[in-house]
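The structure appears right after this line, and notes come after that.
The values are calculated or read from the model by the stated rules, or taken from the named source; none is laboratory data. Please read these numbers as outputs of a predicted model, since none were measured by experiment. Every residue, glycine as well, gets a Cβ built from its backbone with ideal geometry; the counts of neighbours run over all protein chains shown.
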Amino acid sequence: MAATAFASGFQVESLTPSSTPLAGQPIAQLQSVTRRYGRVTALDNLNLSLYPGEVVALLGPNGAGKTTAVRLLLGLIAPTSGTVCVMKGDPRDSETRTVIGAMLQVTRVPEALRVREHIDLFRSYYPNPLPAAEIVRIARLEGLENTLFGKLSGGQKQRVLFGLALAGNPRLVFLDEPTVGMDIESRRALWEQIRALAAQGKTILLTTHYLEEADTLASRIVVIGKGKILAEGTPTQIKHRVAGRRIRCITSLDPEFIRSLPSVLSVEQDRDAIAIIATETEVVVQALLRCDPTLRGLEVSAPALEDAFLALTNADAN
Amino acid sequence: MATAVLALQPRPLGLRYYARVIAQETRYEFLKLFRAKAFSLSVIGFPVMFYVIFGLTNHHTEYARYLLASYSCFGMVGAALFGLGAGIAMERAQGWLELKQASPMPRFAYLIAKTVACAAIALITVAILLALGLTMAGVTMSALEAIELIAITLAGAVPFAAMGLLISFILPPNAGAGMINIIYLPMSYASGLWMPINMLPHWVQRLAPALPTYHYAQLALNIFGYAQPSGSMLLHWEALIGFTCLLLGAAWLVFTRSEATA
């Protein structure tokens with residue numbers, strides 16, 4: 001949630017639980033991993049450790065190396081150099097994969113099989129699967145068991161894929177854009193399930209384009225760009241990497257005048273209002289109110305994760 | 001909780017696990033193929049339709065018996081080329097194969113399942129052809145001959161699954177059935193699957209031994225004594241095994257090269 005605070009009470013962000021259970025042995029690790037595709041370096045000497053019970057969101061612009069990192073941890077590709085390790089094993093071995101579950105972006109799933117049959121098949125891949133009824137419950141597929149996959153809606157299909165990721169009762173779950181095509185209600189329900197999984201001690205690696213999703217779910221965010229880690233920390237820590245706060249108000253003042261106020265970083269017209277980013281918010285707000293008694297609709301908000309993300313990845317691009 | 005965590009440690013997978021995975025994978029692969037009407041109707045339907053048109057109209061002739069054997073082969077080749085060739089290419093393009101590869105399911109289970117499922121589809125085709133031949137085309141054969149025909153037809157699953165696998169790697173994703181037909185139909189024609197090979201132009205007859213389908217058809221036709229008099233059955237078996245190794249080798253090569261760049 002973007003920390004939206006009104007002018008009457010400036011707040012320091014304290015909304016996201018910053019529990020970082022980094023204790024104990026990591027369950028999965030990329031150790032100085034480099035991966036090249038021909039001349040393109042997708043990952044450049046990257047180190048990443050995942051610990052039990054944490055939800056890690058891997059963020060980055062397209063082509064940053066997110067998919068490569070996930071495919072390495074899933075054992076779908078081998079690193080050019082460095083070590084990939086899951087539960088002290090190599091994810092390229094079937095044995096190691098028995099503790100991994102994955103929800104990947106699949107454009108089409110065999111449509112002529114029923115939901116129940118897909119679940120039954122994936123359960124057979126794992127030595128200690130969850131009971132089928134449990135998978136149906138967690139993925140909220142009650143009543144859809146006998147439906148052919150092809151007859152499901154987009155959101156229902158995503159739920160089946162989520163169920164399949166959990167079929168083997170994994171300790172490490174990869175979720176690649178898990179809520180694409182879901183309505184708000186389904187999305188929130190899935191978030192609840194993801195939190196429940198983390199509470200059971202499972203590790204979740206989430207890649208998503210919905211920064212709100214990363215913000216509410218992740219206990220740790222890793223921002224990567226051009227194959228390197230740009231920033232790492234709790235959502236709050238990441239947001240604090242950005243200087244300034246956003247002030248929004250409806251005013252008759254000249255934007256040029258506002259730009260001349262101390263500590264103002266940018267001024268933009270935002271529909272009928274004006275959006276100002278400034279580091280010394282209080283000083284700017286006082287000046288605005290003094291100069292324009294008719295000023296209304298004042299809002300001051302902390303930078304959203306999106307602002308931090310853009311600032312971090314843009315700084316890297318320049 | 002400690003015991004639950006211990007139970008989830010990676011541990012060696014036993015024979016029983018592999019047997020179960022292969023059985024489940026095969027079962028659902030068959031259901032998937034059978035329920036996909038675009039696949040099952042054409043792969044079973046074409047040999048049956050051709051037999052109705054060309055076999056039943058020549059009822060009580062040698063021709064009806066010849067075509068019974070050759071269309072059985074035609075059915076098996078079609079099932080394998082479309083089932084594996086188009087099937088794997090599509091599942092790769094759609095990301096479904098990647099999801100399976102990320103699971104502990106071994107790759108060989110996937111390939112065995114696809115091969116056996118296609119053989120099962122071909123078995124349906126042979127059963128329909130036999131029923132038509134015996135009841136409506138006046139074909140006579142001993143029970144042993146019928147069993148031999150079924151066995152040799154199903155043995156074709158292996159070489160043509162290998163061919164399907166190779167096709168799936170070189171086929172542009174979503175190229176669909178058209179590209180496979182370009183290989184499947186001329187190859188079947190030139191190998192004498194549609195009409196006796198000595199009725200074909202001479203240059204086609206000379207080309208035929210270079211095709212795996214020719215050797216496959218000769219083995220099936222030999223059951224009824226219709227094989228080319230010059231051919232040796234041992235040589236046809238050897239040729240089929242040779243083609244299988246060649247196709248699998250080529251598939252392996254293409255696959256490892258695509259893995260290196262993927």
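Among the residues of segment B:130-140, none qualifies, meaning not one is outside any helix (DSSP H, G or I) and modelled with pLDDT of 95 or more.
From the list A:L205, A:L295, A:L217, A:L288, the one residue that fits, being at pLDDT 90 or above and under 30 Å from A:R39 (Cβ atoms), is A:L205.
When segment B:113-139 is examined, which residues are found to be within 14 Å of chain A (Cβ to nearest Cβ) and within 30 Å of A:L104 (Cα to Cα)? Of everything in segment B:113-139, those that are within 14 Å of chain A (Cβ to nearest Cβ) and within 30 Å of A:L104 (Cα to Cα) turn out to be B:A113, B:K114, B:A117. With a requirement of 2 or more residues that are out of contact with any Ser or Thr (no Cβ under 7 Å at 6 or more places or on another chain) and among the β-branched types (V, I, T), the helices (runs of 4 or more DSSP H) lying completely within segment B:149-231 that satisfy it span B:157-170, B:177-190. Can you find even one residue in segment A:149-164 that is within 13 Å of chain B (Cβ to nearest Cβ), in contact (Cβ under 8 Å) with a residue 60 or more places away in the chain and surrounded by 20 or more Cβ atoms within 10 Å (Cβ to Cβ)? Checked segment A:149-164: at least one residue is within 13 Å of chain B (Cβ to nearest Cβ), in contact (Cβ under 8 Å) with a residue 60 or more places away in the chain and surrounded by 20 or more Cβ atoms within 10 Å (Cβ to Cβ). Of the residues making up segment B:28-67, those that are away from chain A (no Cβ under 14 Å) and among the charged types (D, E, K, R) are B:E62, B:R65.
Of everything in segment B:172-181 that is under 17 Å from the mean Cα position of the chain (by Cα) and not small (G, A, S), the residue that is modelled with the lowest pLDDT is B:M179.
In the condition set (1) touching a helix residue (DSSP H, G or I) at 6+ places or on another chain (Cβ under 9 Å); (2) of a type outside the set (F, W, Y); (3) over 30 Å from B:E91 (Cα atoms), B:S230 is compliant with all but (1). Taking the listed residues B:A175, B:A208, B:A190, the one that is under 23 Å from B:S40 (Cβ atoms) and of a type in the set (G, A, S) is B:A175, with no other qualifying. From the list B:G78, B:G83, the lone residue that is touching a residue at least 12 places away in the same chain (Cβ under 8 Å), within 14 Å of chain A (Cβ to nearest Cβ), under 25 Å from B:G192 (Cβ atoms) and touching a helix residue (DSSP H, G or I) at 6+ places or on another chain (Cβ under 7 Å) is B:G83.
Among the residues of segment B:1-21, those identified as modelled with pLDDT of 85 or more and not β-branched (V, I, T) are B:G14, B:L15, B:R16, B:Y17, B:Y18, B:A19, B:R20. If you filter segment B:87-105 down to residues that are surrounded by fewer than 23 Cβ atoms within 10 Å (Cβ to Cβ) and small (G, A, S), you find that the one that is farthest from A:R97 (Cα to Cα) is B:A93.
Within segment B:174-195, the set of residues being over 14 Å from B:F74 (Cβ atoms) and of a type outside the set (G, A, S) comprises B:N174, B:M179, B:I182. Checking each residue of segment B:59-80 against the condition of being β-branched (V, I, T), assigned to a helix (DSSP H, G or I) and surrounded by 16 or more Cβ atoms within 10 Å (Cβ to Cβ) gives at least one match. Mind listing whichever residues of segment A:133-163 are part of a loop (DSSP other than H, G, I, E, B) and either closer than 18 Å to A:M103 by Cβ or hydroxyl-bearing (S, T, Y) (or both)? Listed by number, the residues that qualify are A:A139, A:R140, A:L141, A:L144, A:T147, A:L152, A:S153. Listed by position, the strands (runs of 3 or more DSSP E) enclosed by segment A:166-234 that each have at least 1 residues that are surrounded by 23 or more Cβ atoms within 10 Å (Cβ to Cβ), in contact with a strand residue (DSSP E or B) (Cβ under 8 Å, 6 or more places away or on another chain) and not charged (D, E, K, R) are A:172-176, A:203-207, A:220-225.
Filtered by the rule that a residue be modelled with pLDDT under 90 and basic (K, R), segment A:25-70 gives a lone residue, A:R39.
Considering A:S263, A:S252, the condition of being more than 14 Å from chain B (Cβ to nearest Cβ) and free of Cβ contacts under 8 Å to residues at least 24 places away in the same chain is satisfied by A:S263 alone.
For segment B:91-109, which positions are part of a helix (DSSP H, G or I), facing chain A (nearest Cβ under 7 Å) and touching a Lys or Arg at 6+ places or on another chain (Cβ under 9 Å)? Matches in segment B:91-109: B:W96, B:E98, B:Q101. Do we find that A:A302 is buried (at least 21 other Cβ atoms within 10 Å of the Cβ), among the small types (G, A, S), at pLDDT below 90 and over 21 Å from A:L46 (Cβ atoms) in this structure? Taking the combined requirement at face value, the residue satisfies it.
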